[in-house]
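Quick notes on the structure that follows.
The values are calculated or read from the model by the stated rules, or taken from the named source; none is laboratory data. The structure presented is a predicted model; accordingly, all values stated were derived computationally and were not measured. Virtual Cβ from ideal backbone geometry, glycine too; neighbours counted across all protein chains shown.
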Amino acid sequence: MRREDLDQFRLIVEELFQREKEEPVVRPIPADQLFEVLDLELTEEGVNDEDFYKGLREVVFNTPRTSTKLFFNQLFAGRKSKAVLGDLLSILLNNSMYTYKVAGPMVGVEKEIIRKTARLIGYDENSDGTIVTGGSLANFMAMVMGRDAFNERIRFEGVREVMTLYTSKDCHYSIEKNASLMGIGRSQVRYVKVDAQGRMIPEDLRAKIKEDLAASRNPFFVNVTAGTTVLGSFDPIEPISEICKEFNLWLHVDGAYCGAAIYSERYKKLVKGAQLADSFNLNAHKMLGTPLTCSVFVAKDKKFLKESFSKDAAYLYQTDSDDFNLGKTSLQCGRKNDALKLWTLWKSIGTKGLAQMVDHQFHLADVARDYIRSNEDYTLYSFDDSVSVCFNYKGIDPKKICTLLYEKARILVGFGTFNGTTFIRFVTVNADNSDEDILNFFKELENFVKENEALLLSNEKATQA
Ligand SMILES: *Cc1c(COP(=O)(O)O)cnc(C)c1O
């Protein structure tokens, strides 16, 4: 790598950190003006270094800042130094994870993450897994394995019968999308009812399975969510696993959001029974704070992983055993090393450090809920043991307030809906935040509302700043 580029990298990073401190939320460029404000055009001729660096800085410094103390908009946040170090090195090393020949020790790095995570779930040595690009793809792999476990001829002959799968109505949207991609069809997704706290109701699951069986359809798969995307609720795994056993269905735990609870002595109760599921995934880029993307997918019985995803290729697999050629259990061929960043973080702080991060995020959510409960201008919609804190303030339209906060570059936070009610969804997934940072969010919000009362309490739609 050229010396000048490395030097520029350091300069840009240092300035970015400074700007993040001074201006945690960058002023957004309206999408329809983006190409006028920034020079993004790719041209026939390149540009000289001076113009190149200048243009690059402009783009970098105008990009939304997701690692600051006022970013609460998504289920990822913060910047874990050791994890960033690992990720930067993985880019420089530029290995591809399919074979031991080209990835060497990185294969062991990934295998160790899978092995330790599997033990924490409660799976034995017969389990195996892979790092995937995210929860959506992890869910896809689980669904394909469940399909192939139902009928091993399907991967050769295709789907020939009506197959049905079950998930709660508050699950992630990837479940339905995946159903179409894998040849099952979106209409074969059954949405099971949830209770008042957003958790799947096992009796309704059983009723829906029976209905499909009576109509000669073929139930094959149940998805439970550990941390639903809006409320952060946990479906009850144990009673659902009983139903899966009774009807011989694949059980998958989508823990993309809060599956990392398995690392915590205190909160693993929320995923009680995880070892009963056939597959499990968690996004390290959510609660564990690694850079995007890093998602850990584990299957209880490695046989199913191999059967669904391995394919011989003489031009690729030329040395070493399948156990060390990770391409045999991946959906991808070439694959970025997304394991190293989680390994560097985990190695440096230990499993106990991961547990502390998880515990701290639940603690921050308690701080937020306590504040909301003690202040009558707020209405709380979410529940204890969730890192999603859903509320409204002074009855103001949450869409309006979130949009105006964004347009005026004050706070990045989003809204969600449950049972027909829309509210602000404040997430405490940044383990670097302190109690004060959480209280500061509310102060910022309240000050903002005071300053913009006329705009927020009127019935007009929020406008572009
Ligand atoms: C975020 C999320 C996903 C999707 O994960 P990606 O990494 O964004 O693909 C799936 N399920 C749940 C419950 C999630 O919160």
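If you check Ala142, Ala179 for being part of a helix (DSSP H, G or I), over 23 Å from Leu292 (Cα atoms) and within 16 Å of the ligand (Cβ to nearest atom), only one passes: Ala179. For segment 183-199, the set of residues classified as in contact with a Lys or Arg (Cβ under 8 Å, 6 or more places away or on another chain) and either within 16 Å of the ligand (Cβ to nearest atom) or under 21 Å from Asp385 (Cα atoms) (or both) consists of Tyr191, Val192, Lys193, Val194, listed by residue number. The residue that is nearest to the ligand (Cβ to nearest atom), counting only those in segment 238-250 that are farther than 28 Å from Val389 by Cα and among the hydrophobic types (A, V, I, L, M, F, W, C), is Trp250. The single residue among Phe391, Phe423, Phe441, Phe418 that is in contact (Cβ under 8 Å) with a residue 12 or more places away in the chain, crowded, with 19+ Cβ neighbours inside 10 Å and in contact with a Cys (Cβ under 6 Å, 6 or more places away or on another chain) turns out to be Phe423.
Taking only pairs six or more apart or across chains, which ones have beta-carbon atoms under 8 Å, a first residue in segment 2-18 that is modelled with pLDDT of 95 or more, and a second residue that is β-branched (Val, Ile, Thr) and part of a helix (DSSP H, G or I)? What qualifies is Ile12/Val60; Leu16/Val60. Within segment 290-303, the set of residues being away from the ligand (no atom under 16 Å from the Cβ) and touching a strand residue (DSSP E or B) at 6+ places or on another chain (Cβ under 8 Å) comprises Ala299, Lys300, Lys302. Being out of contact with any helix residue (DSSP H, G or I) (no Cβ under 7 Å at 6 or more places or on another chain), among the small types (Gly, Ala, Ser), over 18 Å from Thr228 (Cα atoms) and assigned to a helix (DSSP H, G or I) holds for only one residue in Gly327, Gly334, and it is Gly327.
Sub-6 Å Cβ pairs linking a first residue in segment 253-265 that is near the ligand (Cβ under 10 Å from one of its atoms) to a second residue that is among the basic types (Lys, Arg), at least 6 apart or interchain, are Tyr257/Lys286, ordered by first then second residue.
When each of Ala454, Ala365 is tested for being of a type in the set (A, V, I, L, M) and modelled with pLDDT under 95, the lone residue that passes is Ala454.
Note on segment 325-363: residues that are surrounded by fewer than 16 Cβ atoms within 10 Å (Cβ to Cβ) and either more than 21 Å from Ser434 (Cβ to Cβ) or among the charged types (D, E, K, R) (or both) amount to 6.
Only one of the numbered conditions (1) of a type in the set (A, V, I, L, M, F, W, C); (2) crowded, with 24+ Cβ neighbours inside 10 Å; (3) under 24 Å from Leu231 (Cβ atoms) is violated by Ala299, and that is (3). Has segment 152-165 got any residue that is among the acidic types (Asp, Glu), in contact with an Asp or Glu (Cβ under 9 Å, 6 or more places away or on another chain), part of a loop (DSSP other than H, G, I, E, B) and surrounded by fewer than 22 Cβ atoms within 10 Å (Cβ to Cβ)? Within segment 152-165, one or more residues are among the acidic types (Asp, Glu), in contact with an Asp or Glu (Cβ under 9 Å, 6 or more places away or on another chain), part of a loop (DSSP other than H, G, I, E, B) and surrounded by fewer than 22 Cβ atoms within 10 Å (Cβ to Cβ). Selection of segment 219-237 for residues being surrounded by fewer than 24 Cβ atoms within 10 Å (Cβ to Cβ) and within 10 Å of the ligand (Cβ to nearest atom) yields Thr229, Val230. Contact map, segment 120-142: residues that are farther than 18 Å from Asn325 by Cα paired with residues that are among the hydroxyl-bearing types (Ser, Thr, Tyr) and away from the ligand (no atom under 16 Å from the Cβ), Cβ distance under 7 Å, separation 6+ or inter-chain. Pairs shown: Leu120/Tyr263.
Among the residues of segment 252-269, the ones that are touching a Cys at 6+ places or on another chain (Cβ under 9 Å) and crowded, with 24+ Cβ neighbours inside 10 Å come to 1 in all. May I ask you to verify whether Lys69 is at pLDDT 95 or above, buried (at least 16 other Cβ atoms within 10 Å of the Cβ) and of a type in the set (Lys, Arg)? For Lys69, the condition - at pLDDT 95 or above, buried (at least 16 other Cβ atoms within 10 Å of the Cβ) and of a type in the set (Lys, Arg) - is met.
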